[in-house]
Amino acid sequence: MRLSEEGYQLSEAVSGKEAIAKLQTATPDLLLLDLKLPDIDGWGVIRYITQQPRLKDMQVLIISGIMLSEHQSVEIQTHDYTFINKSDFKVNHVLDTVADLLEVNGTK
């Protein structure tokens, strides 16, 4: 994955259930999240995150191909999450966004 080539440490989850299990024991600086996941979708992962005080400062970058409703856009903005639509996906844009989000925390 290109992020690891840039020096970022990664941990991958292939489902919402696995993501939540990993978040129960780890607090990453940044979560890259798709809204379409098997078993528990990305919205379920977001609900979990918002219920965990220790995860409130975690940066979340949502990369998804779904078109957001107005309500969903407001929810993402309310939590100060970043959204990139897959139709706008460009590797360099994602890398720049990740760098910008992690600069807030001063980590890489």
If you take the residues in the range 24-51 that are open to solvent by 40 Å² or more (accessible area, probe 1.4 Å) and of a type in the set (Asp, Glu), which one is nearest to Gly7 (Cα to Cα)?
Asp29
Could you please find all residues in the range 56-108 being at pLDDT 90 or above, farther than 19 Å from Gln9 by Cβ and of a type in the set (S, T, N, Q)?
Ser64, Ser69, Gln72, Ser73, Gln77, Thr78, Thr82, Asn85
Out of everything in the range 55-108 that is among the hydroxyl-bearing types (Ser, Thr, Tyr) and within 22 Å of Gly44 (Cα to Cα), what residue ends up being farthest from the chain's Cα centre (by Cα)?
Ser69
Of all residues in the range 1-25, which are among the aliphatic types (A, V, I, L, M) and either at pLDDT below 95 or farther than 21 Å from Pro53 by Cα (or both)?
Met1, Leu3, Leu10, Ala13, Val14
Which members of the range 51-92 meet the condition of being part of a helix (DSSP H, G or I), in contact with a strand residue (DSSP E or B) (Cβ under 7 Å, 6 or more places away or on another chain) and under 21 Å from Pro28 (Cβ atoms)?
Ile76
Which of the numbered conditions does Asp34 fail, given that it passes all the others? Conditions: (1) farther than 17 Å from Thr97 by Cα; (2) touching a Ser or Thr at 6+ places or on another chain (Cβ under 9 Å).
(1)
Kindly provide the set of residues from the range 52-75 that are open to solvent by 10 Å² or more (accessible area, probe 1.4 Å), touching a Leu at 6+ places or on another chain (Cβ under 8 Å) and β-branched (Val, Ile, Thr), ordered by number.
Ile63, Ile66
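The values are calculated or read from the model by the stated rules, or taken from the named source; none is laboratory data. Because the structure is a prediction, the values reported are computed rather than measured. We place every Cβ from the backbone using ideal geometry, glycine too, and count neighbours over all the protein chains shown. Remember, those area values only see protein heavy atoms, side chains included, never the ligands or the DNA or RNA. Shrake-Rupley method; radii C 1.70, N 1.55, O 1.52, S 1.80 Å.
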